[in-house]
1. Is there any pair linking a residue in region 95-115 that is under 15 Å from Arg56 (Cβ atoms) and among the hydrophobic types (A, V, I, L, M, F, W, C) to one that is in a loop (DSSP other than H, G, I, E, B) and at pLDDT 80 or above, with Cβ under 8 Å and at least six apart or on different chains, and which?
2. Does Asp44 satisfy the criteria of being of a type in the set (Asp, Glu), within 23 Å of Ile116 (Cβ to Cβ) and in contact (Cβ under 8 Å) with a residue 60 or more places away in the chain?
Amino acid sequence: MSFYDRDRLDALVADVDAKLLAVERAASEANRVEVRSSGLSERDLAAIERHAESPRAPRELKELVARIKGGELSWDDIASGRALDDEGVQAAMAASLPDLARVHQELREGQDPDDIIGAARGDDEEGGGSIMRRGW
């Protein structure tokens with residue numbers, strides 16, 4: 001005489017086996033997915049460079065863009081993370097944090113994104129507009 005129900009145990013083991021097989025299939029399918037990052041387009045890079053040339057751009061961003069134009073760094077170096085240890089890259093990113101924090105706070109307070117973007121318009125692009133607009 002046994003203290004467990006053999007049929008019930010077999011059913012539980014079969015259920016676990018089926019779920020493990022489903023997990024293995026899902027993992028296999030996930031491994032076949034090609035991750036494609038859109039990255040920065042040429043248009044995005046041009047907008048960043050135009051912003052860097054504007055009077056409102058932080059000095060650190062201006063210096064970074066000058067280094068990129070001079071061939072010392074590339075946008076790919078920055079986007080891939082290879083240049084993250086570079087002090088100039090860190091300084092340019094840090095100089096942008098106050099604006100990003102302000103925008104984040106304004107969004108949390110319920111302000112309309114178009115109003116926030118509109119407030120940033122002016123010298124960034126021809127006809128007004130901010131490089132932030134493409135992020136919305």
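The values are calculated or read from the model by the stated rules, or taken from the named source; none is laboratory data. The shown structure was predicted, so the numbers you read here are calculated from the model rather than taken from an experiment. Note: ideal-geometry Cβ built from the backbone for every residue, glycine included; neighbour counts use all protein chains shown.
1. Close Cβ pairs (under 8 Å, with a partner that is in a loop (DSSP other than H, G, I, E, B) and at pLDDT 80 or above) amount to Ala95/Pro58.
2. Taking the combined requirement at face value, the residue satisfies it.
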